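Q: Structure provided below as structure tokens; questions to follow.
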Amino acid sequence: MEKPIGLYIHVPFCLSKCPYCDFYSVTSPDGEALDGYADAVIRSLARWHEEMPGVAADTLYFGGGTPSALGGERIARIIDAAAGYFGLKNAEITMETNPGDNLRQVFTSFAAAGGNRVSIGVQSINQEQLKILGRRHTPEDATAAVSAAKAAGIENVSIDFMLGIPCLNPEEMEGQAKGIVESASYALRLGVKHISAYILKIEENTPFYSRRDSLLLPDEDMTATIYLTACETFDLLGFKQYEISNFAIPGYESRHNLKYWNCDPYLGIGPSAYSYIDGRRFYYPSDIKAFMEGCSPVSEGGEEIIQNSSGQEYIMLRLRLSEGVTNEGYMERFGTPLPRELYERAAKLPSGLLVADSKGIRLTKYGFLLSNAIISHLLFD
């Protein structure tokens, strides 16, 4: 494999479960469980190194769950093992974390082991909104978390914001767009390099889903206003949009996440972690015990590793990027220009949603609001 892969480590532990989250995680692990999990991850890295000798990685991403719950020493052990097996030369090494945890020691150990990027789940700088979201931290904790990262020498800091948060009363709804301006200014003051801003989606099998009829959520028009305000405000402050939900100071785009949207290879380790290697997609079952006992990854169809990627999949993922899908990139990967019918279908869409020209096809910020419907039309109508 010529191109370096990305490594993703899923850490399925949280101190508490947020009511909107459907990611696989368990709460309140003890030290023995954390030690055992770190050991299992390192064993898995060793096995994959044996299966893919000579393969290098240039990104490593700890996601969760709450990866910082592992503690700095365990995170450092995993980084050292990954570097031994996959090189990690000039790698971007990211750890997700939440404000309010004891982060100074974790960040110090992480940075000493080569970690150079953190993603902090701020979600909101409004205390009432944080309570609604079931978050344990305060706005002051978020500021302290960014400061702790920088004190450890980590300058590449990303923060998450949530858009379309439930309100206590209708009057608060109008203030959400204004709140985005305040959030953007806050990010600029803290000197962060990257912002992820996600529209809240009520997922099945979450407490929010069971309460969905009683939640006071922004309607579609208000959600669109909030999103467009975010896009415009972040841009004015220097955070350029490069993906539907991601904005960065130029040069600080997430190298790891770009692998997903570019259909580049990545290896996911841990329960519920997905991989894309040699055109095949597979995942580990959402079962900590099975993972720690050495289970093998499976495909979504229940069989061992499957399925070559297609032009459709590449187009679908690339259309999440502001750059869109280009004729040059498609030709390089598949040996032909973008299909003619893609342009024919694009021409049938209302103006302002996308741009289709000799370079390729890309969605505008208005198109991003309707991305699922537009991509479905382009690929399947």
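The values are calculated or read from the model by the stated rules, or taken from the named source; none is laboratory data. This structure is a prediction, so every number in the text was calculated from the model and none was measured. Backbone-built Cβ (ideal geometry, glycine too); neighbour counts: all protein chains shown.
Q: Kindly indicate the residue of region 93-131 that is among the charged types (D, E, K, R) and closer than 25 Å to K259 by Cα and also surrounded by the fewest Cβ atoms within 10 Å (Cβ to Cβ) among those meeting that condition.
A: E96
Q: Residues in region 272-281 that are in a strand (DSSP E or B) and more than 18 Å from R43 (Cβ to Cβ): how many?
A: Here the count works out to 5.
Q: Further question: I'd like to check something: does region 149-162 contain any residue that is over 26 Å from R74 (Cα atoms), touching a residue at least 24 places away in the same chain (Cβ under 8 Å) and not assigned by TED's automatic domain parsing to the domain that holds K365?
A: yes
Q: Follow-up question, since we're still on this one. Of these, L7, L34, L45, which one is hydrophobic (A, V, I, L, M, F, W, C), in contact with a Ser or Thr (Cβ under 8 Å, 6 or more places away or on another chain) and either surrounded by 23 or more Cβ atoms within 10 Å (Cβ to Cβ) or outside any strand (DSSP E or B) (or both)?
A: L7
Q: Can you spot a residue in region 114-121 that is in a helix (DSSP H, G or I) and under 30 Å from P170 (Cβ atoms)? Full working, then the answer.
A: Quick first cut of region 114-121, residues in a helix (DSSP H, G or I) only: none.
Checked against the condition, which is being in a helix (DSSP H, G or I) and under 30 Å from P170 (Cβ atoms), region 114-121 yields no hits at all.
Q: Among the residues of region 287-302, is any farther than 30 Å from D35 by Cβ and outside any loop (DSSP other than H, G, I, E, B)?
A: Checked region 287-302: no residue is farther than 30 Å from D35 by Cβ and outside any loop (DSSP other than H, G, I, E, B).
Q: Which of the residues spanning region 206-251 are on the phi > 0 side of the Ramachandran plot and hydrophobic (A, V, I, L, M, F, W, C)?
A: Those that are on the phi > 0 side of the Ramachandran plot and hydrophobic (A, V, I, L, M, F, W, C): none in region 206-251.
Q: Same structure, new question: Looking at region 82-104, is at least one residue closer than 18 Å to V146 by Cα, assigned by TED's automatic domain parsing to the domain that holds S214 and in a helix (DSSP H, G or I)?
A: yes
Q: Residue under question is S286, and the condition is that it be under 14 Å from the mean Cα position of the chain (by Cα), small (G, A, S) and surrounded by fewer than 21 Cβ atoms within 10 Å (Cβ to Cβ); does it hold?
A: On the way: under 14 Å from the mean Cα position of the chain (by Cα): no; small (G, A, S): yes; surrounded by fewer than 21 Cβ atoms within 10 Å (Cβ to Cβ): yes.
No: the conditions fail for S286.
Q: Here's a follow-up. Scan region 16-37 and report the pairs whose first residue is in the same structural domain as T206 (by TED's automatic domain parsing) and touching a residue at least 12 places away in the same chain (Cβ under 8 Å) and whose second residue is in a helix (DSSP H, G or I) and surrounded by fewer than 17 Cβ atoms within 10 Å (Cβ to Cβ), with Cβ atoms within less than 7 Å and a gap of 6+ or a chain change.
A: P19/P207
Q: Hey, could you check region 348-381 for residues that are aromatic (F, W, Y) and modelled with pLDDT of 95 or more and say which is nearest to L317 (Cα to Cα)?
A: F368
Q: Shifting gears a bit: Considering only region 343-354, state which residues are surrounded by 15 or more Cβ atoms within 10 Å (Cβ to Cβ) and either out of contact with any helix residue (DSSP H, G or I) (no Cβ under 8 Å at 6 or more places or on another chain) or not assigned by TED's automatic domain parsing to the domain that holds S371 (or both). Reasoning before the result, please.
A: Just the residues of region 343-354 that are surrounded by 15 or more Cβ atoms within 10 Å (Cβ to Cβ), to begin with: 343, 345-346, 349, 353-354.
Selection gives Y343 alone.
Q: Can you find even one residue in region 306-317 that is at pLDDT below 95, in a loop (DSSP other than H, G, I, E, B), under 30 Å from S44 (Cβ atoms) and among the β-branched types (V, I, T)?
A: So far as region 306-317 goes, no, none of its residues is at pLDDT below 95, in a loop (DSSP other than H, G, I, E, B), under 30 Å from S44 (Cβ atoms) and among the β-branched types (V, I, T).
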